[in-house]
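The values are calculated or read from the model by the stated rules, or taken from the named source; none is laboratory data. Just so it is clear, the model here is predicted, and its values are computed rather than measured. Virtual Cβ from ideal backbone geometry, glycine too; neighbours counted across all protein chains shown.
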Amino acid sequence: MDAAKIKQGLAKRDFLGFTHLDAAKIIELFDYSLFIKKQRKESPSVSGFLPLRDKTVAMIFSKPSLRTRVSFELGIHELGGYAISLDGQSIGLGSRESVEDVARLLSRYNDAIVARLHEHAVIEEIAEHASIPVVNALTDLSHPCQVLADAFTLYERSLWHETVKVVFVGDGNNVANSWIELAGVLPFHFVLACPEGYTPDHKVLDAAREKGISRIEILHDPVEAVTDADVLYTDVWTSMGREEEKEERLKIFSPFQINSTLLAKAKPAAVVMHCMPAHRGQEISAEVMDGPQSIILDEAENRLHVQKALLVKLLNHDQYRKFHLTHRLRNASRKIKA
Ligand code: CP
Ligand code: NVA
């Protein structure tokens, strides 16, 4: 995208990660997600509010999915749009035809592309050649839609503040990388407790630390890491695409299970999160997964609300801006009256 277009505000908007956002934009998105969530609960009929009317979204899945696929597809439908799910293998992304041709072709038919892929470089290539917004629905490197929903889940419970201590126990994988990226934008205290050799992407880590916005620690002792934590977070020990390492990982990661003994080291009011799919008895015990401190299903539900908010921001920016202007005016007039 050329610099002149970006300056004129004509550049298309992608969501590949957090690096191009600032804290104010993320909070705006959370406030819009609150509105979207409330709106859905108050008026279950989809007829009134249709900001994606006449818009189509092509979704490419090169890896399995339950939450991402259902929440995007349902969210697009509820906003009045139409989603087309494509299997990465069957369309032959990068094999039957070039990534560039797929990106340009889909741009002729659709209004956005949502993609779950292996290499992150491929989603960057799609974004480079598509003339419509591109959303990262997980790559080997990152999973920003997940972490957006996670942070929103803390925000809506008023748990999000500059000193909130979020401890990710497990693999330095795509979800951990997105938490670290977020720490380069929103201030909080992020700790990753992982085995030696399973650290996060060093470029993502260096870039977030360079921003100097959050305290980011990488530790290898889970007990030390979770002491006084407000949030305990985990994910699978073996991510999609690494299945051949599963047996080795089961042994290496066994001290990194979130169970009631580990949870007892955190603050008494700590909450437990997991992006799912979860494996009870591996990265999390059944007792904790299904216990009173778990907010795992709320977090999964919030994928729907934040992704709907994100799609309105990307595809109907006028509507999104109008909401924020009205919101600001309403808050200002409340202050004047008070
Ligand atoms: N958390 C998540 O992205 O789930 P799926 O892999 O089922 O989409
Ligand atoms: N790290 C996991 C996340 C699944 C939502 C994976 O990539 O398989």
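Might you let me know whether region 296-313 holds any residue that is within 15 Å of ligand 2 (Cβ to nearest atom) and in a loop (DSSP other than H, G, I, E, B)?
no
Checking the structure you have, find out if any residue of region 40-52 is closer than 24 Å to Ser131 by Cα, small (Gly, Ala, Ser), away from ligand 2 (no atom under 16 Å from the Cβ) and over 18 Å from the mean Cα position of the chain (by Cα).
Checked against the condition, which is being closer than 24 Å to Ser131 by Cα, small (Gly, Ala, Ser), away from ligand 2 (no atom under 16 Å from the Cβ) and over 18 Å from the mean Cα position of the chain (by Cα), region 40-52 yields no hits at all.
Of all residues in region 230-241, which are buried (at least 24 other Cβ atoms within 10 Å of the Cβ) and aliphatic (A, V, I, L, M)?
Val231, Leu232, listed by residue number.
Check region 79-99 and report whether any residue there is assigned to a helix (DSSP H, G or I), within 16 Å of ligand 2 (Cβ to nearest atom) and either closer than 25 Å to His305 by Cα or of a type in the set (S, T, N, Q) (or both).
Checked against the condition, which is being assigned to a helix (DSSP H, G or I), within 16 Å of ligand 2 (Cβ to nearest atom) and either closer than 25 Å to His305 by Cα or of a type in the set (S, T, N, Q) (or both), region 79-99 yields no hits at all.
Select from region 160-186 the residues that are over 11 Å from Val147 (Cβ atoms) and either surrounded by 24 or more Cβ atoms within 10 Å (Cβ to Cβ) or under 15 Å from the mean Cα position of the chain (by Cα) (or both) and write down the one among them that is nearest to ligand 1 (Cβ to nearest atom).
Asn173
Looking at Ser142, Ser107, which one is polar (S, T, N, Q), away from ligand 2 (no atom under 16 Å from the Cβ) and in contact with a His (Cβ under 9 Å, 6 or more places away or on another chain)?
Ser107
Which residue out of Thr68, Thr19 is at pLDDT below 95 and within 30 Å of Ala207 (Cβ to Cβ)?
Thr19
Criterion first (touching a residue at least 24 places away in the same chain (Cβ under 8 Å), over 24 Å from Thr326 (Cα atoms) and more than 16 Å from ligand 1 (Cβ to nearest atom)) does Gly92 satisfy it?
So Gly92 fails the test.
Could you pull out the residue among Glu124, Glu73 that is assigned to a helix (DSSP H, G or I), within 16 Å of ligand 1 (Cβ to nearest atom) and at pLDDT 95 or above?
Glu73
Using beta carbons and a limit of 8 Å, which pairs, at least six apart or on different chains, have the first residue in region 61-77 and in contact (Cβ under 8 Å) with a residue 12 or more places away in the chain and within 23 Å of Val102 (Cβ to Cβ) and the second one near ligand 1 (Cβ under 8 Å from one of its atoms) and basic (Lys, Arg)?
Between residues of region 61-77 that are in contact (Cβ under 8 Å) with a residue 12 or more places away in the chain and within 23 Å of Val102 (Cβ to Cβ) and residues that are near ligand 1 (Cβ under 8 Å from one of its atoms) and basic (Lys, Arg), the close pairs are Phe61/Arg69; Phe61/Arg116; Ser62/Arg116; Lys63/Arg116; Ser65/Arg116; Thr68/Arg116; Thr68/Arg303.
What about Ala121, is it touching a residue at least 60 places away in the same chain (Cβ under 8 Å) and within 21 Å of Leu141 (Cβ to Cβ)?
Spelling it out, it is not the case that Ala121 is touching a residue at least 60 places away in the same chain (Cβ under 8 Å) and within 21 Å of Leu141 (Cβ to Cβ).
Okay, residues lined up against (1) assigned to a loop (DSSP other than H, G, I, E, B); (2) over 25 Å from Ala151 (Cα atoms); (3) in contact with a Gly (Cβ under 6 Å, 6 or more places away or on another chain):
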| position | (1), (2), (3) |
| --- | --- |
| Glu224 | no, no, no |
| Ala229 | yes, no, no |
| Tyr233 | no, no, no |
| Val236 | yes, no, no |
| Ser239 | yes, no, no |
| Lys246 | no, yes, no |
| Pro255 | no, yes, no |
| Ala266 | yes, no, no |
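Hey, can you tell me all the residues within region 323-338 that are basic (Lys, Arg) and under 17 Å from Ile26 (Cα atoms)?
Residues of region 323-338 basic (Lys, Arg): 328, 330, 334-335, 337.
The one that is basic (Lys, Arg) and under 17 Å from Ile26 (Cα atoms): Arg328.
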